[in-house]
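FYI, it's all coordinate maths here, none of it is from the lab. These numbers were taken from a predicted model, which means no experiment stands behind them.
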Amino acid sequence: MGDDPIIAESARKHGVSDEDILHAYAHPIRVFDLDEGFTMVIGANRTAIIFEIVVDGVTASVIVHAMRAREKFLR
């Protein structure tokens with residue numbers, strides 16, 4: 001997934017640390033195209049907790065959302 005992305009303040013809304021966000025982003029398990037330039041990355045943090053990370057990649061990779069992955073993304 002290349003260089004580290006920018007982490008927008010909105011990605012910190014659910015209390016996920018920058019380190020966990022970047023680890024989940026860098027170690028994807030699944031990747032979904034959400035259209036309009038957004039990508040959902042499902043990945044684990046350093047303790048194997050699965051997170052959903054939404055990336056706005058239109059002009060640069062900007063993580064705009066991060067939280068524990070919901071069940072619908074784990075199937």
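Structure above, values below:
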read-out: Difference of contour (0.36 nm per residue) and Cα-Cα distance, ASP33 to HIS14; value: 4.6 nm
read-out: Relative pair counts by distance (%), Cα atoms of the chain, 10 Å bins; value: 22, 60, 18, 0
read-out: Within the chain, helix-based [θ] at 222 nm, where runs of 4 or more DSSP H residues each add -39,500 (n - 2.57), nearest 500; value: -3500 deg cm²/dmol
read-out: Amide hydrogen neighbours beyond the local backbone of SER61, cut-off 5 Å, H modeled; value: ILE6
read-out: Relative contact order [Cα under 8 Å, 6+ residues apart], the stretch 1-60, whole percent; value: 28
